[in-house]
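Asker: Have a look at the structure that comes next, please.
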Amino acid sequence: MKTFSGKQIARRYVLYGVFLFAIQGIVALLGATSLIFPDLPSPVSYAYGRAVHLALATFWPVIGMMGMVYYYTVEQLKADIYSPKLARWQFLILLMASAGLLGTLALGIGNGREYLDGLPVFYLGISLGLLLGAYNLIRTLWQNKQKITPAAGIMAVGAVFLCVLIIPNVLRFTNPVADEAVKFWVVHLWEEMAFELTTSGFIASFFVTAGIAEKRDIEKWLYLEATLSVIGGLFGTGHHYFWIGFPPVWLFLGTFFSLIQVLPVFLLAYLVYKGFKKHKPFSLREKLAVGLILSSIFHHLTGATLLGILITIPWINVYAHGTYITSGHAHLALFGTIGFLVLAGAYTILSEKEPLDKKAYGYGLSGVILLNLGLIGMSSSLILAGFLQTYLWRVMGIDFMAVNSVINPYLILRVLWGSLFTLGAAILCSLIIRTWWKTRRA
Ligand code: HEM
Ligand code: HEM
């Protein structure tokens, strides 16, 4: 019987993640178009289209990330994972739960919960999948106690958080404050704590292999990043508790700890700057992955962190909360920071034994550039729309619908930039899928 290694199974996770991302671009573009032309005929209502978009935004990065954690754990420990068979079952459970969730949402079956819409059974499936992953990783580290590296340890902690934070979301709480709070454990804490831990393990492994950073420097950064992500992430979530019924002390805690979250990103940018001055020449394959990682660091610094701080300040948040400024930040932060990294990981994993030729490199690079341009254009249009919306609607008190017609041109611009984004996504996804096809027998 054919046996699989953890690295082989990691390929399935990242491939499925990339496939879901490719679908997301198309769904999103249709949704953005129906926002400006509400009378366009569509088999799926806007509300459920949005729910599908948000479910994809939440789950494709996590499925891709699971593959990255398995792959880089094997790289770090120089040993296979505890149970590749369990990882295969886990994949099947995640595949069925996510496909079921997306399919039922597209059919208009859900419970109306923003971000985490859908039947609880699918959230149970996703939680079970992540629980199996966390168990498999803990057993892997236990089996290889002598070989544990900071990157492997931190990735496993991140994976445990992914599972612990989603479990309460299988239930609905009758208390609306509790219901909103646990939702942000996924919307915020996944992104700014669990993913920070798993992606930092990937960045550390990649940087050492590509000669961008010294192992000693990157390990020091890893410890600091892990500590600040956990403390900053846990309390920084407070910026989502401002107006949902939490005690006012969270205005201070949320703001103060959001500021702390900024430090590791700047440190990482400094390490990259230092490393780039003396790195060894990259192969074309590494260059493409570096392009994706640098895009992520850029958006992490700007759209996630700097814009994040601006909208965290309570005197600004009280006006800007829930406007298109939030949407601009959400796109820059979620795709800009996490999405680019998952694509970098997916490409690196699937191209392990496949060097890139010049033509394919140029093709891939054009995808990365279009994704960046599309994302920046789309999010800038949203931020401009958001500023107008905040001023006219929240400050001047002008009627919501009247304001909507003023910001409509910016929403049209968003669709145009979004088309560029989708083109970039199609180019990069096709390159990644072609690479998988070529390497599938190796
Ligand atoms: C990788 C990092 C980040 C990701 C992926 C991310 C993602 C998101 C998403 C998806 C939302 C929308 C939530 C909703 O609509 O309810 C959001 C909102 C928000 N984010 Fe971030 N974020 C990141 C970093 C940050 C940082 C570092 C800060 C602050 C320093 C921040 C501050 C905020 C605030 C204040 C809101 C709520 C805005 C409002 O009240 O409408 N974010 N973020
Ligand atoms: C062609 C590209 C895309 C287009 C046209 C698009 C369009 C949209 C639309 C129409 C919404 C509903 C709210 C709004 O009008 O802003 C939305 C929300 C959202 N999208 Fe996208 N999207 C795209 C790509 C992505 C990607 C790649 C991600 C993340 C991986 C993402 C994450 C989100 C999030 C987190 C929200 C909720 C924002 C909030 O709470 O305000 N989107 N998007």
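The values are calculated or read from the model by the stated rules, or taken from the named source; none is laboratory data. Since the model is a prediction, treat every value here as computed from it, not as a measurement. Glycine also receives a Cβ, built like all others from the backbone with ideal geometry; neighbour counts cover every protein chain displayed. For accessibility, only protein heavy atoms count, side chains too; no ligands or nucleic acids. Shrake-Rupley method; radii C 1.70, N 1.55, O 1.52, S 1.80 Å.
Asker: When you scan region 309-338, how many residues do you find that are within 14 Å of ligand 2 (Cβ to nearest atom) and either of a type outside the set (Gly, Ala, Ser) or within 24 Å of residue 21 (Cα to Cα) (or both)?
Answerer: Adding up the residues that qualify gives 19.
Asker: Can you tell me which of 22, 47, 28 is under 27 Å from residue 404 (Cα atoms), in contact with a helix residue (DSSP H, G or I) (Cβ under 8 Å, 6 or more places away or on another chain), in the same structural domain as residue 92 (by the TED database) and in a helix (DSSP H, G or I)?
Answerer: Testing whether each residue is under 27 Å from residue 404 (Cα atoms), in contact with a helix residue (DSSP H, G or I) (Cβ under 8 Å, 6 or more places away or on another chain), in the same structural domain as residue 92 (by the TED database) and in a helix (DSSP H, G or I) leaves just 28.
Asker: Just to be sure before I move on: is residue 386 touching a Phe, Trp or Tyr at 6+ places or on another chain (Cβ under 7 Å), within 16 Å of ligand 1 (Cβ to nearest atom) and in a helix (DSSP H, G or I) in the structure I sent?
Answerer: When the stated conditions are applied, residue 386 passes them.
Asker: Taking the condition touching a residue at least 24 places away in the same chain (Cβ under 8 Å) and within 20 Å of the chain's Cα centre (by Cα), does residue 364 pass?
Answerer: no
Asker: Also, I was wondering about something else. Somewhere in region 286-295, is a residue within 9 Å of ligand 1 (Cβ to nearest atom), touching a residue at least 40 places away in the same chain (Cβ under 8 Å) and under 30 Å from residue 436 (Cβ atoms)?
Answerer: Checking region 286-295: not a single residue is within 9 Å of ligand 1 (Cβ to nearest atom), touching a residue at least 40 places away in the same chain (Cβ under 8 Å) and under 30 Å from residue 436 (Cβ atoms).
Asker: Further, regarding this structure: Could you tell me how many of the residues in region 245-285 are within 16 Å of residue 311 (Cα to Cα), touching a residue at least 60 places away in the same chain (Cβ under 8 Å) and of a type in the set (Val, Ile, Thr)?
Answerer: 0
Asker: In addition: Is region 357-371 home to any residue that is over 30 Å from residue 210 (Cβ atoms), away from ligand 1 (no atom under 16 Å from the Cβ), surrounded by 15 or more Cβ atoms within 10 Å (Cβ to Cβ) and of a type in the set (A, V, I, L, M, F, W, C)?
Answerer: Within region 357-371, none of the residues are over 30 Å from residue 210 (Cβ atoms), away from ligand 1 (no atom under 16 Å from the Cβ), surrounded by 15 or more Cβ atoms within 10 Å (Cβ to Cβ) and of a type in the set (A, V, I, L, M, F, W, C).
Asker: OK, next. From the list 394, 434, pick out the single residue that is under 30 Å from residue 66 (Cα atoms) and either among the charged types (D, E, K, R) or over 25 Å from the mean Cα position of the chain (by Cα) (or both).
Answerer: Being under 30 Å from residue 66 (Cα atoms) and either among the charged types (D, E, K, R) or over 25 Å from the mean Cα position of the chain (by Cα) (or both) holds for just one of 394, 434, which is 434.
Asker: Of (1) among the β-branched types (Val, Ile, Thr); (2) under 26 Å from residue 14 (Cα atoms); (3) free of Cβ contacts under 8 Å to residues at least 24 places away in the same chain, residue 227 satisfies all except one. Which?
Answerer: With respect to (1) among the β-branched types (Val, Ile, Thr); (2) under 26 Å from residue 14 (Cα atoms); (3) free of Cβ contacts under 8 Å to residues at least 24 places away in the same chain, residue 227 is out only on (2).
Asker: Can I ask one more? What number of residues within region 333-382 satisfy the criterion of being in a loop (DSSP other than H, G, I, E, B) and closer than 23 Å to residue 71 by Cβ?
Answerer: 6
Asker: Could you list, in sequence order, the residues of region 237-268 that are small (Gly, Ala, Ser) and either open to solvent by less than 30 Å² (accessible area, probe 1.4 Å) or within 16 Å of ligand 2 (Cβ to nearest atom) (or both)?
Answerer: Selection gives 238, 254, 258.
Asker: Here's something else I'd like to know. Residues in region 295-335 that are of a type in the set (Val, Ile, Thr) and open to solvent by 30 Å² or more (accessible area, probe 1.4 Å): how many?
Answerer: 6
Asker: With the structure loaded, tell me whether residue 435 is more than 11 Å from ligand 2 (Cβ to nearest atom), within 21 Å of residue 17 (Cα to Cα), surrounded by 20 or more Cβ atoms within 10 Å (Cβ to Cβ) and not basic (Lys, Arg) or whether it fails that test.
Answerer: For residue 435, the condition - more than 11 Å from ligand 2 (Cβ to nearest atom), within 21 Å of residue 17 (Cα to Cα), surrounded by 20 or more Cβ atoms within 10 Å (Cβ to Cβ) and not basic (Lys, Arg) - is met.
Asker: Output the residues belonging to region 164-212 that are open to solvent by 10 Å² or more (accessible area, probe 1.4 Å), among the aromatic types (Phe, Trp, Tyr) and assigned to a helix (DSSP H, G or I).
Answerer: Across region 164-212, the qualifying residues are 184, 185, 206.
Asker: Determine which member of the set 349, 338 is within 21 Å of residue 431 (Cβ to Cβ), touching a Pro at 6+ places or on another chain (Cβ under 8 Å) and either buried (at least 23 other Cβ atoms within 10 Å of the Cβ) or without any contact (Cβ under 8 Å) to a residue 12 or more places away in the chain (or both).
Answerer: Checking each option against the conditions leaves just 338.
Asker: Still on this structure: Restricting to region 50-63, give me the number of residues that are within 8 Å of ligand 2 (Cβ to nearest atom), in contact (Cβ under 8 Å) with a residue 40 or more places away in the chain and touching a Gly at 6+ places or on another chain (Cβ under 8 Å).
Answerer: Residues that pass the stated criteria total 2.
Asker: Something else: Enumerate the pairs (first residue in region 112-135 and touching a residue at least 40 places away in the same chain (Cβ under 8 Å) and in the same structural domain as residue 93 (by the TED database); second residue anywhere and open to solvent by 60 Å² or more (accessible area, probe 1.4 Å) and more than 16 Å from ligand 2 (Cβ to nearest atom)) with beta-carbon separation below 6 Å, excluding pairs fewer than 6 apart on the same chain, so at least 6 apart or on different chains.
Answerer: 127/167
Asker: With the requirement that a residue be part of a helix (DSSP H, G or I) and over 25 Å from residue 240 (Cβ atoms), what does region 103-130 give you?
Answerer: Once the filter is applied, which keeps residues that are part of a helix (DSSP H, G or I) and over 25 Å from residue 240 (Cβ atoms), region 103-130 yields 103, 104, 106, 121, 125, 128, 129.
Asker: State whether the residues of region 67-89 include one that is among the aromatic types (Phe, Trp, Tyr) and within 16 Å of ligand 1 (Cβ to nearest atom).
Answerer: no
Asker: Separate question: Tell me which of these residue 371 doesn't satisfy, since it passes every other one: (1) under 27 Å from residue 12 (Cβ atoms); (2) away from ligand 2 (no atom under 14 Å from the Cβ).
Answerer: Of everything listed in (1) under 27 Å from residue 12 (Cβ atoms); (2) away from ligand 2 (no atom under 14 Å from the Cβ), residue 371 misses just condition (2).
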